[in-house]
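One structure below.
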Amino acid sequence: MAEEKKKISDEACMRLAIRLASNGIGRTHPNPAVGSLVVAGGKAVGQGWHKGPGQPHAEIEALIQAGERARGATLYVSMEPCAAKGRTPPCTEAILRAGIARVVFASSDPNPKMSGGGEWLKAHAVDVRAGVLEAAADAINRPFMYAHRLGRPYVIAKAAMSLDGKLATRRMHSQWISNELSRQHAHALRAECHAILIGSGTLKMDNASLTVRHAPMAGRPPLRVIFGSNAPPFRAEYKLADGSAPARMYVCHENRHMLDWQNAGVDVVRVDGIVPMLRHLVADHRWQLLLEGGGSLHASFLEAKLSDEMVLYQAPILIGGSDAISLWHGTGIDVIGNAPRLVDVQRQMLGEDQMIRGRIVYPED
């Protein structure tokens with residue numbers, strides 16, 4: 001019974017640590033968002049959250065607030081304490097100096113340069129419990145986790161579509177399917193991401209600026225990214241080269257147009273496909289990618305199981321036509337049992353449009 005009470009108490013305290021961590025979402029990149037709580041005698045005596053790169057880590061904030069009351073207390077932290085020096089000294093040493101008797105953490109640190117804090121503390125006679133509410137803690141740091149565990153960004157696929165699932169008419173006309181409220185919501189989504197991706201076909205069709213408007217940004221503007229087989233002919237009216245935000249073009253084959261884009265200030269990188277592009281973006285600390293491409297690019301990501309979340313703005317219109325552009329403008333599936341499914345679905349009415357958002361779960365091979 002005593003052990004069960006301790007378990008419930010650990011979970012309750014970790015929920016608060018995770019709630020504290022959520023204050024840092026969008027502010028801490030490339031660090032994770034982390035929250036921490038010091039509990040002594042059944043009461044919280046210190047708390048903190050990581051406010052940004054170079055700032056004290058959550059554990060340090062909580063320990064400073066707790067002061068001498070940290071001696072013999074329990075420290076709750078939403079991610080494993082770091083065991084190595086980065087911009088700040090390792091938290092494990094500060095925990096030991098403060099006299100913390102027990103550490104409870106949720107997520108294991110996937111960064112090999114900083115991980116191992118739990119084992120280090122155990123080796124120094126600190127009682128450690130790992131994995132408490134791990135899934136909930138992982139969820140608020142998905143881009144960080146994907147970058148370090150999978151070596152690619154967390155991909156949010158976004159599209160405005162008609163009731164019958166069309167992104168554009170048979171004449172490639174798409175502006176505007178969604179209403180102004182949906183577009184404002186989409187700009188707030190852009191502001192949360194590190195890069196925005198479209199295909200070269202969408203570039204030629206829409207001449208999108210891919211910038212954040214109507215929404216505040218916590219950090220640097222997202223990188224505007226084009227992916228295509230070849231660099232298309234450069235035109236001076238392309239908004240991608242207006243200098244308002246950084247821009248990069250990934251191409252699978254070299255051609256004579258690449259130099260024109262480079263001279264216009266657009267970074268051009270040759271890659272051997274989508275996966276190498278994603279790895280290149282991760283190396284550049286672009287860990288959350290917003291996919292805004294057309295139906296063919298969405299199809300490529302879905303068929304490769306590379307889209308992780310979907311945000312759809314569904315307008316109450318019908319477009320029709322077998323030649324119109326569909327959301328999944330590719331091979332698709334053969335049987336319903338092979339269909340990817342959205343889970344943890346959220347719905348929100350934006351005027352007459354409906355926003356549908358959920359994580360994508362792919363069937364097992």
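Points worth noting:
- Residue in region 70-81 that is in contact with a Lys or Arg (Cβ under 6 Å, 6 or more places away or on another chain), of a type in the set (Ser, Thr, Tyr), surrounded by 14 or more Cβ atoms within 10 Å (Cβ to Cβ) and not in a helix (DSSP H, G or I) present: yes
- If you go through region 180-197 and keep only what is of a type in the set (A, V, I, L, M) and under 16 Å from MET310 (Cβ atoms), you end up with ALA186, LEU189, ILE196, LEU197.
- Going through (1) more than 19 Å from MET79 (Cβ to Cβ); (2) within 22 Å of the chain's Cα centre (by Cα) one by one, MET161 falls short only on (2).
- Selected residue (criterion: farthest from GLY293 (Cα to Cα)) from residues of region 341-359 that are in contact with a strand residue (DSSP E or B) (Cβ under 6 Å, 6 or more places away or on another chain) and either open to solvent by less than 40 Å² (accessible area, probe 1.4 Å) or aromatic (Phe, Trp, Tyr) (or both): ASP353
- Residues (more than 16 Å from ILE196 (Cβ to Cβ) and in a strand (DSSP E or B)) located in region 153-166: MET161, LYS166
- Tallying residues that are open to solvent by less than 60 Å² (accessible area, probe 1.4 Å), assigned to a helix (DSSP H, G or I) and without any contact (Cβ under 8 Å) to a residue 40 or more places away in the chain within region 115-144 yields 4.
- Residue check, GLU59 farther than 24 Å from GLY151 by Cβ and open to solvent by 50 Å² or more (accessible area, probe 1.4 Å): no
- For region 93-107, the set of residues classified as over 16 Å from GLY48 (Cα atoms) and buried (at least 19 other Cβ atoms within 10 Å of the Cβ) consists of SER107 only.
- Restricted to strands (runs of 3 or more DSSP E) entirely inside region 212-271, those with at least 3 residues that are buried (at least 19 other Cβ atoms within 10 Å of the Cβ) are 223-228, 247-251.
- Any hit, region 148-167, residues being without any contact (Cβ under 8 Å) to a residue 40 or more places away in the chain, open to solvent by less than 70 Å² (accessible area, probe 1.4 Å), touching a helix residue (DSSP H, G or I) at 6+ places or on another chain (Cβ under 8 Å) and among the aromatic types (Phe, Trp, Tyr): no
- Just one of the listed residues (ALA17, ALA33) is within 30 Å of ALA188 (Cα to Cα), open to solvent by less than 30 Å² (accessible area, probe 1.4 Å) and part of a helix (DSSP H, G or I), namely ALA17.
- Residues that are open to solvent by less than 20 Å² (accessible area, probe 1.4 Å), among the aromatic types (Phe, Trp, Tyr) and either modelled with pLDDT under 95 or out of contact with any Asp or Glu (no Cβ under 8 Å at 6 or more places or on another chain) (or both), drawn from region 282-331: TRP287, PHE301
The values are calculated or read from the model by the stated rules, or taken from the named source; none is laboratory data. As the structure is a prediction and not an experimental result, all values here were calculated from the model. Note: ideal-geometry Cβ built from the backbone for every residue, glycine included; neighbour counts use all protein chains shown. The protein model used for the area step is the full one, side chains on, heavy atoms only, and it has no ligands, DNA or RNA in it. Shrake-Rupley method; radii C 1.70, N 1.55, O 1.52, S 1.80 Å.
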